[in-house]
């Protein structure tokens, strides 16, 4: 049985080489050379017409996240991106000096620093700290953060 299989393979190779020689195609055509890396582009669908999750075809989770991101972007354009993303996450008093934590960055009165938000880095200056209120300056604009 192995002898017949081997001879079939030999015949197939022989006919392939002979056929390409008769047609004048001794070499296969060369593929074009790519000069840069291949980039993939992924677009999140906003409706079932645009696409679906291949692993969970009945899920609407993809469209809900897109709607939530659109709502955040709309709020950012109305109030400014910094205002919607700044939150006081902690308040403390040490040695009679108050301190607040805004988006994981600690501030005392007259401290300045950059805070990460959804829209990027924002420069903040802490003007005043009271119990339940932090008054800050964001890009020259005064803002009250209630907590």
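Tabulated results
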quantity	calculated
Diffusion coefficient, µm² s⁻¹, Stokes-Einstein with Kirkwood Rh over alpha-carbon pairs of the stretch 81-146 at 25 °C and 0.890 mPa s	211
Cα→Cβ-extended label distance, 7 Å offset, between residue 130 and residue 40, nm	5.4
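Throughout, read-outs are computed from the coordinates displayed, never taken from laboratory work. Just so it is clear, the model here is predicted, and its values are computed rather than measured. Every residue, glycine among them, receives a Cβ derived from its backbone with ideal geometry; neighbour counts consider all protein chains shown.
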